[in-house]
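S.K.: My structure is below; once you've seen it, I'll send some questions.
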Amino acid sequence: MTSRTATLMAILLLLAAVPPVAAYFAEPFYLDLLRRVMIFAIAAISLNLILGYGGMVSFGHAAYLGIGAYAVGVLSHHGIDNGWLQWGVAIGASALVAAAIGSISVRTSGIYFIMITLAFTQMLYYLGVSIAEYGGDDGMRLKVRSQFSGLIDLNDPTAFYYLVFAILVLSLFLTRRIVDSRFGLVLRATRSNEARTRAIGLSPYPFRLTAFILSGALCGLAGALLANQTAFLTPEFMNWTRSGELMFMVILGGIATTAGPLLGAAGLLLLEDTLQGWSVLPKWVQEHWQLYLGVILVLVVLYARRGLAGLLPGDKHE
Amino acid sequence: MDFTLVVEQTLNGLQLGVMLFLLAAGLTLVFGIMNLVNLAHGSLYMVGAYLATWFYQLTGSFALALVLGLAGTLLVGVVVELVALRTLYERDHLDQVLATFGLILFFNELIAILWGRAAIYSTLPEFLSGHVQLAGNLRYPLYRLLIIGVGLAVALLLWFVVSKTRLGMLIRAGASNRAMVAALGVDIRLLYTIVFGFGAALAGLAGLLAGPIFAVQPGMGEMILIQVFVVIVIGGIGSIRGAFLGALIVGMVDTLGRAFLKPALSAVISPAAGDAAGPALASMLIYLLMAAVLAFRPEGLFPVRGGS
């Protein structure tokens, strides 16, 4: 076990210890906040797979967050509360949409890829806005959280917390395995040198598209979790700023690192929460926190290129 | 479907098209020459709209407000280039996207601090607020005709500057090989600043023209920016001609789709289908168009030849 893996383990152990500690201090707010952090971490992990390891700068990853959330919301709206079915549809529908968007966008690269993924997500956003049946602009409330035939009750904050935690650990483990596999090796090769990858007889397209679909499916699951977390969903889940935030999480945490997306999600959400709600800060900071967030974002991109994972102890090459 | 409505909507499409062109031209120039993805281009559009509206309220003179608004946006653009964007030219697109995303948050909030979050409305001066009798019973707002005229004039001017002047020669040279241009003794940094300022001024012009007909509010830039992306992806990134034709196509498709898709679907399939699918399909139309174009021409309709 490298020291980096050990650090990641320590972070996960700390996360596992949150519910009893929060219960002891009677601070349920932190349970909610960290659950939110972990859900976004799962979304960021999925983005890191294609952005970090595959070099595909997707500026539209919020689309799958939205599709996952809408899969839960729409089925629930029609009276189907079965969680297995809802989450299965969330993953399947996200994979299908990722396959459709990917089959067009993965053929392009660079700036075209960025703009196309952004534009398709915007299209889905407008689709969400224009369907009045599912609340249109205002979105809709989730009356009943996903039901898992009595196995686990999502209305219990602690049980929900550990479910999200388990999915997070599984996502970290699975993406690590994917990246280390032969498939992952080719994916990383297409990022570092496409011409050489072709020269040794591998066509990048199927590898990139597969990674794109896997990433979309995992992000769809995060969307299903997010819908249950907020018990509410709106087209805003697919807003382009959300895609930008996901990208920022990956960069802030440290691109193409295992722990990066988790650190980045924690970093950004806790920063947002602090700027908005920390009473020590003066009123003019709290009210216009986005101004400061914007400046911090620019500074991080310009000067902190290795991200938070670069600050962790351990070897720098994973 | 009556003829007057078709002509009116076509003019509306043309008007949206030239607005998109003003934004797309700056964005595509900056990308073609500096290889910079500038998401904050929409913020400059917003700055232009706010400055012009504010100066008009202060001075009471529409012409003066236009000049001051344009100069102000140019100034803001040059300052942004000098302070933040200059260091980004050598970075990859990911860093550029994120840093300029940060700039968007900054500008939207700054505008909210200065003028509030609610939309502000600007009025037209007396001499521009009338209608023009185009034919029979077709009356069209004079101001919208003016926008079309200004847009077409700017397109002509841009074509002239880029293909006939010394500055245009440097711009084209910079787009195809900047190292070579720098080696020949051209101050490439100055050229970059000029081009960026020029792009900013065009975005500001679009913003100040939009002021009196759209709601001027924080975030207005991003709504139109994503349409502009569709324009330059369809047209071919880096190509002014592509930006112009792409803008007209997108403007037309979007406007005519919103106006006629619902009645068309109602007539062809059923009124219920028209009501249900019309608005949704109309708002997705330009993105579907983009997908169709890319499926056949991944580099857009008018890719730039040669250049790097």
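What follows draws every value from the coordinates through simple rules; no lab data is involved. The structure displayed is predicted, hence computed values, not measured ones. Methodologically, a virtual Cβ is constructed for each residue, glycine included, from the backbone with ideal geometry; neighbour enumeration extends over all protein chains shown.
S.K.: The stretch B:52-144: which trypsin sites (Lys or Arg not before Pro) are DSSP loop and have at most 11 other beta-carbon atoms within 10 angstrom? Walk me through the numbers before you get to the answer.
M.R.: Details: sites: B:Arg86, B:Arg91, B:Arg117, B:Arg139, B:Arg144; in loops: B:Arg91, B:Arg117.
Answer by residue number: there is no such site.
S.K.: Under 11 Å from the 7 Å Cα→Cβ point of B:Asp92, by amide nitrogen: which residues of the stretch A:230-271?
M.R.: What the label zone holds, given the 11 Å backbone N cut-off, is A:255-256.
S.K.: Given H placed on each backbone N at 1.01 Å, which residues far from A:Gly139 in sequence or on other chains put an amide H within less than 5 Å of it?
M.R.: none
S.K.: Something else about it: Under a 5 Å amide H to amide H cut-off, with H placed in plane at 1.01 Å, what residues pair with A:Arg145 once short-range neighbours are removed?
M.R.: Excluding prolines and chain starts, which carry no amide H, there are no hits.
S.K.: May I pose another question? Suppose we take every Cα in the stretch B:246-308 and form the convex hull; what volume per residue is that in Å³?
M.R.: 87 Å³
S.K.: Here's something else I'd like to know. Taking only the C-alpha atoms, wrap a convex hull around the stretch A:170-279 and report its volume per residue in Å³ as a whole number. Don't skip to the answer; put the middle values down first.
M.R.: Working: hull volume 13.8 nm³, N = 110.
Taking only Cα atoms, the stretch A:170-279 has a hull volume of 126 Å³ per residue.
S.K.: Rounding to the nearest 10 and keeping the result within 0 to 90°, find how far the Cα-based axis of helix B:142-164 lies from the longest principal axis of chain B.
M.R.: 30 degrees
S.K.: Using DSSP to call loops (not H, G, I, E or B), can you name the trypsin sites (Lys or Arg not before Pro) in the stretch B:199-308 whose Cβ has at most 10 other Cβ atoms within 10 angstrom?
M.R.: Qualifying residues, ordered by number: B:Arg305.
S.K.: With unit charges on the beta carbon (Lys/Arg positive, Asp/Glu negative), name the residue among A:Gly254, A:Thr190, A:Leu13 whose Cα is farthest towards the positive pole of the charge dipole of the stretch A:3-311.
M.R.: A:Thr190
S.K.: What list of ³J(HN,Hα) couplings, whole Hz, do you get for the stretch B:121-133 from phi and the Karplus terms 6.51, -1.76, 1.60, once you set θ to phi - 60° and write x for glycine and proline?
M.R.: 10, 10, 9, 8, x, 3, 6, 10, 8, x, 10, 10, 7
S.K.: Let me ask something else about it. Taking every alpha carbon pair in the protein assembly as shown, what does the distance histogram look like in 10 angstrom bins from 0, in percent?
M.R.: Going out from 0 Å in 10 Å bins, the protein assembly as shown shows 3, 15, 25, 27, 18, 9, 3, 0, 0 percent.
S.K.: Another one. Only four residue types carry charge here, +1 at the Cβ of Lys and Arg and -1 at the Cβ of Asp and Glu. Report the dipole size of the stretch A:3-311 about the Cα centre in Debye, rounded to the nearest 20.
M.R.: Dipole size: approximately 1260 debye.
S.K.: For the stretch B:87-229, just list the percent of Cα-Cα distances falling in each 10 Å bin from zero outward, please.
M.R.: Over the stretch B:87-229, the share of Cα pairs per 10 Å bin runs 9, 26, 30, 23, 10, 2, 0 percent.
S.K.: Which percentage, to the nearest 5, of the DSSP beta bridges contained in the protein assembly as shown is antiparallel?
M.R.: DSSP beta bridges in the protein assembly as shown are roughly 90 percent antiparallel.
S.K.: Could you state the number of Å between the C-alpha centres of the stretch B:212-277 and the stretch A:139-168?
M.R.: About 40 Å separates the Cα centre of the stretch A:139-168 from the one of the stretch B:212-277.
S.K.: Determine the calculated [θ] at 222 nm for the protein assembly as shown from helices alone, applying -39500 (n - 2.57) to every DSSP H run no shorter than 4 residues and normalising by the residue count; nearest 500 deg cm²/dmol.
M.R.: It comes out at -24500 deg cm²/dmol, rounded to the nearest 500.
S.K.: Computed over the Cα atoms of chain B, what is the convex hull's projected area averaged over all directions, in nm²?
M.R.: If I average the Cα hull's projected area over directions, I get 17.7 nm².
S.K.: Another one. Specify whether the C-alpha gyration tensor of the stretch B:1-70 places it in the rounded, prolate or oblate class, a ≥ b ≥ c being the square roots of the eigenvalues: rounded for a/c under 1.5, otherwise prolate if a/b is larger than b/c and oblate if not.
M.R.: Oblate is the answer for the stretch B:1-70, as a/c is 1.5 or above yet b/c matches or exceeds a/b.
S.K.: Say a site is exposed when it is one of the trypsin sites (Lys or Arg not before Pro), sits in a DSSP loop, and has at most 11 other Cβ atoms within 10 Å; what is then the longest site-free stretch of chain A?
M.R.: That gives A:144-315 as the longest site-free run.
S.K.: Taking every eigenvalue of the Cα gyration tensor of the stretch A:3-311, multiplying by 5 and rooting it, what semi-axes result, largest first, whole Å?
M.R.: Values: eigenvalues 164, 118, 84 Å².
Its equivalent ellipsoid spans semi-axes of 29, 24, 21 Å.
S.K.: Given H placed 1.01 Å from N in the peptide plane, which residues other than close sequence neighbours of B:Gly236 have an amide H under 5 Å from its amide H?
M.R.: Placed amide hydrogens put B:Leu301, B:Phe302 under 5 Å from B:Gly236.
S.K.: Then there is this: Mind checking which of B:Ala49, A:Leu214, B:Thr10 is farthest towards the positive end of the protein assembly as shown's charge dipole, using Cβ charges of +1 (Lys, Arg) and -1 (Asp, Glu) about the Cα centre?
M.R.: Selected residue: A:Leu214.
S.K.: Also, I was wondering about something else. Compute the distance from the alpha-carbon center of the stretch A:217-236 to that of the stretch B:1-34, in whole Å.
M.R.: Result: 36 Å between the Cα centres.
S.K.: For A:Glu194 paired with A:Tyr303, estimate the spin-label separation in nm (one decimal), with each label point 7 Å from Cα along the Cα-to-Cβ line.
M.R.: 3.4 nm
S.K.: Positive end of the dipole of chain B, charges at C-beta (+1 Lys, Arg; -1 Asp, Glu), about the Cα centre: which of B:Leu152, B:Ala183, B:Ile171 has its Cα farthest in that direction?
M.R.: Of the options given, the answer is B:Ala183.
S.K.: Expressed as an acute angle from 0 to 90° and rounded to the nearest 10, what is the orientation of the C-alpha long axis of helix B:240-268 relative to the principal long axis of chain B?
M.R.: Its long axis makes an angle of about 20 degrees.
S.K.: For A:His77, A:His61, what ranking results if the residue with the fewest other Cβ atoms within 10 Å of its Cβ goes first?
M.R.: Arranged by neighbour count, lowest to highest, A:His77, A:His61 become A:His77, A:His61.
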